[in-house]
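Okay, structure first, notes after.
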Amino acid sequence: QKEVEQNSGPLSVPEGAIASLNCTYSDRGSQSFFWYRQYSGKSPELIMSIYSNGDKEDGRFTAQLNKASQYVSLLIRDSQPSDSATYLCAVNPMNYGGATNKLIFGTGTLLAVQP
Amino acid sequence: DTEVTQTPKHLVMGMTNKKSLKCEQHMGHRAMYWYKQKAKKPPELMFVYSYEKLSINESVPSRFSPECPNSSLLNLHLHALQPEDSALYLCASSQDLYTEAFFGQGTRLTVV
């Protein structure tokens, strides 16, 4: 069964700390991985995409992918109260019948950055 | 520019009404999507269009009818909805079926 799992939180970190968000997935053939941020009542906003093993950095955000362990994470450095939101991990599983962009979302982790 | 525009932002409709949700992107993306999101749940895929052709229908009830008039526009026609269909309806687009999807602001739908 294709699943994406995240800890629902809330994950509470003090302002200026590193927030670490984790995600595991069950489909070993998955090829594309994404992190979205969603503020309450708003639509998901793409934060990071990662397609190969290793780290990918963009400003205060670093995505880490380990396909062997079926694990993807998002680190947020120097966390700010404005980072408080739900972070959704999304995985595009392999479709042996052809290409598809059928994103499978995790349930999301609620991050609360305390001033 | 990664803008996907959805209209209307809010919609209240009766169970006998017919209404349409609209989505527009001018990024040259060839894949477009409809998602449904209930409160405190992740988005759920409804439909995928690739090159203006319906690629995926996730067993959505026929009271939801998608339409892709051209590569920039995506509509979702609504008819005889139920109160449990009340949700945030999200449109998204991507360059192709492999790359990241960008979401519109969503339409908050309430069925009364």
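The values are calculated or read from the model by the stated rules, or taken from the named source; none is laboratory data. Just so you know, these numbers come straight off a predicted model, no measurement behind them. All Cβ positions, even for glycine, are placed from backbone atoms using ideal geometry, and neighbour counts span all protein chains on display. The accessibility values were calculated without ligands, DNA or RNA, using every heavy atom of the protein model including side chains. Shrake-Rupley method; radii C 1.70, N 1.55, O 1.52, S 1.80 Å.
By the rule of a second cysteine Cβ within less than 4.7 angstrom, chain B holds isolated cysteines at B:Cys68.
Accessible surface of B:His77, taken over heavy atoms with a 1.4 Å probe and every protein chain present, rounds to 60 Å².
Give, rounded to the nearest 20 debye, the magnitude of the charge dipole that chain A has about its Cα centre when Lys and Arg contribute +1 at Cβ and Asp and Glu contribute -1 at Cβ.
Numbers: 9 positive and 10 negative charges, 57 e Å.
Its charge dipole is roughly 280 debye.
For chain A, with all protein chains in place and a probe radius of 1.4 Å, 49% of the accessible heavy-atom surface sits on carbon or sulfur. A cut-off of 5 Å between modelled amide H atoms, ignoring neighbours fewer than 5 places along the same chain, links B:Thr110 with B:Leu11, B:Val12, B:Met13.
Restricting to Cα pairs below 8 Å that are 6+ residues apart, what does the relative contact order work out to for chain A? Please round to a whole percent.
On the way: 290 pairs, mean separation 43.1, N = 115.
RCO, chain A: 37 percent.
Remark: mean inter-chain Cβ contacts per residue of B:92-99 equal 4, using a 10 Å Cβ-Cβ cutoff to other protein chain atoms.
Please work out the ratio of the alpha-carbon Rg of chain A to 2.2 N^0.38 Å and round it to two decimals. Don't jump to the answer; show the numbers that get you there.
Numbers: Rg = 13.9 Å, N = 115, 2.2 N^0.38 = 13.4 Å.
Ratio of Cα Rg to 2.2 N^0.38 Å: 1.04.
The residues packed around B:Glu84, meaning those with a beta-carbon under 14 Å from its beta-carbon, carry a net charge of +2 if Lys and Arg are +1 and Asp and Glu are -1. Under 5 Å from the amide H of B:Met46 lie the amide H atoms of B:Trp34, B:Tyr35, B:Lys36, each residue being 5 or more positions distant or on a separate chain, with H modelled from the backbone and absent for Pro and chain starts.
FRET efficiency for the B:Glu84 to A:Ser26 pair, using the beta carbon distance and R₀ = 30 Å, is estimated at 0.60. Loop-located chymotrypsin sites (Phe, Trp or Tyr not before Pro) in the range A:14-115 (DSSP state not H, G, I, E or B) with no more than 10 neighbouring Cβ atoms inside 10 Å: A:Tyr96.
Taking a probe of 1.4 Å and counting only protein heavy atoms, give the total accessible area buried between chains B and A in Å², rounded to the nearest 100. Can you show the working numbers first?
Values: alone 6290 and 6180 Å², together 10840 Å².
Summing both chains' loss of accessible area gives about 1600 Å².
If I take all pairs of Cα atoms in the range A:1-58, what percentage of them are more than 16 Å from each other?
Numbers: 980 of 1653 pairs.
Everything past 16 Å amounts to 59 percent.
Using the structure shown, list the pairs from B:Lys18/B:Lys53; B:Lys19/B:Lys53; B:Lys22/B:Lys53; A:Lys102/B:Lys41; A:Lys67/B:Lys53; A:Lys102/B:Lys22 with a Cα-Cα distance above 26 Å, or answer none. Among B:Lys18/B:Lys53; B:Lys19/B:Lys53; B:Lys22/B:Lys53; A:Lys102/B:Lys41; A:Lys67/B:Lys53; A:Lys102/B:Lys22, the Cα-Cα distance tops 26 Å for A:Lys67/B:Lys53. Sum up the charges of everything whose Cβ sits under 14 Å from the Cβ of B:Gly14, counting Lys and Arg as +1 and Asp and Glu as -1, but leave B:Gly14 out. Net local charge, B:Gly14 excluded: +2.
For the range A:7-12, the Karplus equation 6.51 cos²θ - 1.76 cosθ + 1.60, evaluated at θ = phi - 60°, returns couplings of 6, 6, x, x, 9, 10 Hz by residue, with Gly and Pro reported as x. Counting only Cβ charges, +1 for Lys and Arg and -1 for Asp and Glu, the dipole size of chain B around its Cα centre is about 440 debye. For chain B, the normalised intensity computed at q = 0.12, 0.17, 0.20, 0.21 Å⁻¹ comes to -0.36, -0.74, -1.03, -1.13 (log10 of I(q)/I(0), Debye sum over alpha carbons, equal scatterers, no solvent).
Over the protein assembly as shown, the fraction of Cα-Cα pairs per 10 Å bin, rounded to whole percents and listed from the shortest bin up, is 8, 33, 35, 20, 5, 0.
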